[in-house]
Structure formats: structure tokens, C-alpha cells
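The values are calculated or read from the model by the stated rules, or taken from the named source; none is laboratory data. Computed from a prediction, not measured in an experiment: that's the story for all the values here. Virtual Cβ from ideal backbone geometry, glycine too; neighbours counted across all protein chains shown. Ligands, DNA and RNA are stripped out before the accessible areas are found, and what is left, the full protein with its side chains, is counted by its heavy atoms. Shrake-Rupley method; radii C 1.70, N 1.55, O 1.52, S 1.80 Å.
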Amino acid sequence: MEQLIDVAIIGGGPAGLNAALVLGRARRSVIVIDEERPRNRVTRESHGFLTRDGMNPGEFRKLAKEQIGAYPSVRFAEDTAVAVSGRDGDFWIGTKTGAMYRSRKLLFAVGKKDLPIEINGLAEVYGKSAFVCPYCDGWEMRDQPLVLIARGDGAMHSAMLLSGWTNDTVLCTNGPDGLTPGQRAELDRHRIPVFEASIRAIESTYGIVECVILQDGITIACKGIFFTPRLAPGSDLPQTLGCRLTPSGTVAVDAYGKTNVPGVYSAGDAATELYQVVTAASTGALAAIGINGELLEEAWYGQE
Ligand SMILES: Cc1cc2nc3c(=O)[nH]c(=O)nc-3n(C[C@H](O)[C@H](O)[C@H](O)COP(=O)(O)OP(=O)(O)OC[C@H]3O[C@@H](n4cnc5c(N)ncnc54)[C@H](O)[C@@H]3O)c2cc1C
């Protein structure tokens, strides 16, 4: 029979790692199962996290694990969780390598994942000169000529957002623009040209974009690209266990990461749409506090 531990954390990005840190300090036995495919692995630098601005994401994780190493009740398994079952107080987690873990509580910190990028040449520059979030990478692209790849209301929102970093943006909708006449007039007022033609290719050298070439032959020179990624849940396991999802595939949780399934929590990109390392880490910490509070109450009132 597998040993019953306090908490199994599935996913070891900033959310899962911060939860592990808080739970380790609360003297909880924890297993962090992580397949090591965090969403920001394509980028060299991560920005906006106080004291860690500009740090390489791999370095960030290494440092986090070193610090968590001070708390011996936390273990790590580089593995993929492939099955979950059980109920509050006794969950079973099976992994790809055939390991089995049992835990009282479960935290899904599985993030979100990018669906395959369909524009020719975009994958080569993603994370190097093509980005998804101006708060993460806008500073490095400030005052540069940029191409925004987006459509409809999303394009309007992103164009407005990017105006905080540059006033030299071209919108490529890569097909029908989905804009209303009023939205087109608004873009025109802000001197943002709109091109509807499909994108034939993005040309780059060593990951640094040089231009976007449209099917009709028009070439738009630029130093950077921002685009709206297509995202999917990092794992189907929360749904398998009965966790309610929002229409965009985000696990529905309360302020402490609690899902509708007793004993099951979720944090980070899996459970928010903020998509920042600092918010992933903070929601991981909050979920850890929620889980530990529940375990303490169960012990205190004799339900353990
Ligand atoms: C190109 C790019 C640049 C970015 N730059 C910044 C930036 O500069 N600043 C910033 O604040 N944010 C940035 N972000 C956003 C940031 O990366 C995410 O918000 C953050 O990583 C979310 O943390 P998380 O722990 O929720 O998920 P993740 O970091 O994605 O970690 C989830 C982990 O769970 C694992 N996992 C999933 N399913 C399973 C399973 N079944 N079994 C085991 N493990 C599993 C994954 O492999 C992964 O390791 C960027 C994102 C991208 C795409």
C-alpha cells in the first residue's frame, strides 16, 4: 500500500513551487510531480517578478528548488501524472513511469499550454522577438516598429495596450479582420495600418524577426511581434476528476484555489487568466494556505 502523504502537487511551475514552499514550511508531506514543460520555456528572460527581473526561467526554477530543498518533507518527481482518482482524504495519482502516489489533498498547478502555432516562421521567433504579453516583454520592445497579429475585439484591446510601449504598430489580421467600421476608424485615428491578407511567412535571423511577408507580396519590416496565442488547459486531469471549468478552459476556484470537488485545489495559469509568474506564484501560495487550513481544521475537529 502506498504511503498516504498530505498533498500531491501536479505541476512544478511558479504556482506549484510556491505552494510547495509554503506547505513545506507548514511541515506538510508533499510530492511535486512535474514533467518540466512550463509555458515560458521558450523565453530567455522572465520579467516583472520583484528581485528576479530578467532572470532565465530555468534559473528561476533551479533557485526555487534549492530553497524548497531546505524543507525535507517536500519531494520532487520528474514525471507526468496520467490518472487521478479517489476522494477527499485519499486521492490516488498514477504517473507515466508507473509510480503511484496517495495524498489527502490535491493541487493542480498544471498551467496552460500553447496550441501549435500555424503561421509560417512564428514558432522560430516565439519568446525571442515575438511575444504574447506587453507587461512581460513590452519594455524590451519600447519605441520599436511592431507587428500585432490579432483580430476583432482582441486586436482592438491589444492595439490599445501596445500603445503604452510604442506608437509604431501595424495590425495584421491574417484573414478577415473581424472589425466594425467604428473600430477601423479608431485604429485609423491612432495611425495603425490594418492588413487583412494572410501571412505567407515571417523572416528572421537567429530568432530575431526582420519582416512579415503577406500573401499579396507586401512586406512589413519590424523589430518585434505581439500575437494572441491559442491556449488549452495544461492537463485534462482536473476535468477527469469533476472540476468545473470556465468556457475558456480555466479551472473555476475560490480566492484560496478551492475547486468544486472537495479536497481539490488549483492555482496559477490553470486557474487564472492573468498569465504572470508573480500571480501564478501568489495563487500557489494562497492555495497552500487554503489546503493547510483545511488539514489543520480536520485534525483539530477530529475528522482526520
Ligand atoms: C513566451 C512567454 C513569455 C513569458 N514571459 C513572462 C514574463 O516575462 N513575466 C511573467 O510574469 N510571465 C511571463 N509569462 C507567463 C508565465 O510563464 C506564466 O504565467 C507562468 O509560467 C505560469 O505558471 P504556472 O505555474 O501556472 O504554469 P507553468 O509555468 O506553465 O507550469 C506548469 C507545469 O505543470 C506541468 N504539468 C502539466 N501537466 C502535468 C502533468 N499531467 N503531470 C506533471 N506535470 C504537468 C508542466 O509541464 C509545467 O512544468 C510568459 C509566458 C510566455 C508563453
For segment 122-227, what is the Kirkwood hydrodynamic radius in Å, using each pair of distinct C-alpha atoms? 13.6 Å
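Give me the number: length gained by fully extending Cys211 to Lys113, i.e. 0.36 nm times residue separation minus the C-alpha to C-alpha distance, one decimal in nm. Don't skip to the answer; put the middle values down first.
On the way: separation 98, 0.36 × 98 = 35.28 nm, distance 2.66 nm.
The span from Cys211 to Lys113 would gain 32.6 nm if fully extended.
Report for segment 122-227 the percent antiparallel among DSSP-assigned beta bridges with both residues inside it, nearest 5. Before the final figure, lay out each step's value.
Values: 9 of 22 bridges.
Beta bridges within segment 122-227, antiparallel portion: roughly 40 percent.
In the chain, what % of DSSP beta bridges are antiparallel (nearest 5)? Mind dumping the intermediate values first?
On the way: 25 of 56 bridges.
Rounded to the nearest five, the antiparallel share is 45 percent.
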Show that you can apply the helix-only estimate: for the chain, add -39,500 (n - 2.57) for every DSSP H stretch of four or more residues, divide by all residues, and state [θ] at 222 nm to the nearest 500. -7500 deg cm²/dmol
How far apart, in nanometres, would the label points at Lys62 and His190 be if each is projected 7 angstrom from Cα along the Cα-to-Cβ direction? 4.0 nm
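What ranking, highest mean first, results for peptides 290-297, 220-227 when packing means the other Cβ atoms within 10 Å averaged over each residue?
Numbers: 290-297: 18.1, 220-227: 20.0.
Taking the mean over residues of other Cβ atoms within 10 Å, the ranking is 220-227, 290-297.
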For Asp53 and Ala83, extending 7 Å from Cα along the Cα-Cβ vector and measuring point to point gives, in nm, a value of 4.9 nm
In Å², what does the accessible area per residue of the chain work out to with a 1.4 Å probe? 50 Å²
How many angstrom separate the Cα center of segment 102-155 from the Cα center of segment 41-88? 19 Å
Can you compute the modelled spin-label distance between Asp90 and Arg27, with each label point 7 Å from Cα toward Cβ, in nm? 2.6 nm
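Would you work out what percent of the accessible area of the chain, with all protein chains in place, is carbon or sulfur (probe 1.4 Å)?
Numbers: 8040 of 15270 Å².
After summing per-atom areas, the C and S share lands at 53 percent.
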Taking the alpha-carbon set of the chain, what are its Rg and Dmax in Å? 21.8, 72
